[in-house]
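Here is the structure we will look at.
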Amino acid sequence: MALAQTIYTVGHSTHSFEEFLSLLKPHGVTAVADVRSVPHSHFNPQFNRPSLEKELPAAGVAYVFMGKQLGARSKDPSCYEQGRVQYRRLARTALFREGVERIKKGAESYRVVLLCAEKEPLECHRAILVSRELESDGVRVAHILADGSLESHHNAMLRLLRLLGMPPGDLFKSEGQLFEDAYAKQEQRIAYVADEAARASEGQSQ
């Protein structure tokens, strides 16, 4: 399915609620899909689930929690290897696919943004896992950055190649193959590790 409109992503970071709304409004966002496994922030309580469930509708924006389906901290043991989530396995689960299809269906009626905590989309599963699957389904994805600017997912991946020292134009690999390698490398950096839960910082509430 190819949607006529783009699905956005955003990280709440340390923004005030008003600043957060100011990031959404220029893009006509009408629905927030929260893809955090744990929709809670001790340091930024304005983004706790109960607060968002109250404040977003009051501002004319729908809210839905999708962390069970699209969160990075899977409860399915088959998605782990040596305690680390494996994004490829997670993406193939029925629950994750259910979440992707629900987002796609919702985007037929709403202008949807996927919400997570991290300011930088490339440091977050919303880009390295969820956006990857949406784009593979023919859905356009763009990331709303902390300064309010917009970056297409394709351009974000080109930026990731540069950050990883994998410039495009490889003689032996296509851009798509380079992206696959970049996804794998970045996943190793950011994927949730279950036995580190007690040490995980609040900023990593993927």
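Residue by residue, here is whether (1) modelled with pLDDT under 95; (2) among the small types (Gly, Ala, Ser); (3) in contact with a Phe, Trp or Tyr (Cβ under 8 Å, 6 or more places away or on another chain) holds:
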position: ASN48; (1), (2), (3): no, no, no
position: GLN86; (1), (2), (3): no, no, yes
position: ARG92; (1), (2), (3): no, no, no
position: ALA107; (1), (2), (3): no, yes, no
position: HIS125; (1), (2), (3): no, no, yes
position: ASP137; (1), (2), (3): no, no, no
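Among the conditions (1) touching a His at 6+ places or on another chain (Cβ under 9 Å); (2) over 18 Å from VAL10 (Cβ atoms), the only one that SER109 does not satisfy is (1). Cβ-Cβ below 8 Å, separation at least six or inter-chain, first residue in the stretch 137-160 and farther than 12 Å from THR6 by Cα, second surrounded by 14 or more Cβ atoms within 10 Å (Cβ to Cβ) and among the β-branched types (Val, Ile, Thr): which pairs? Sorted first by the residue in the stretch 137-160, then by its partner, the pairs are ASP137/VAL100.
Every test in (1) modelled with pLDDT of 95 or more; (2) in contact with a Phe, Trp or Tyr (Cβ under 6 Å, 6 or more places away or on another chain) is passed by SER41 save one, and that test is (1).
As for the stretch 61-74, it holds at least one residue that is β-branched (Val, Ile, Thr), in contact (Cβ under 8 Å) with a residue 40 or more places away in the chain, farther than 24 Å from ASP147 by Cα and surrounded by fewer than 23 Cβ atoms within 10 Å (Cβ to Cβ). Being in contact (Cβ under 8 Å) with a residue 60 or more places away in the chain, buried (at least 19 other Cβ atoms within 10 Å of the Cβ), part of a helix (DSSP H, G or I) and of a type in the set (Val, Ile, Thr) is a description that applies to VAL130.
The values are calculated or read from the model by the stated rules, or taken from the named source; none is laboratory data. None of these values were measured; they are calculated from a predicted model. All Cβ positions, even for glycine, are placed from backbone atoms using ideal geometry, and neighbour counts span all protein chains on display.
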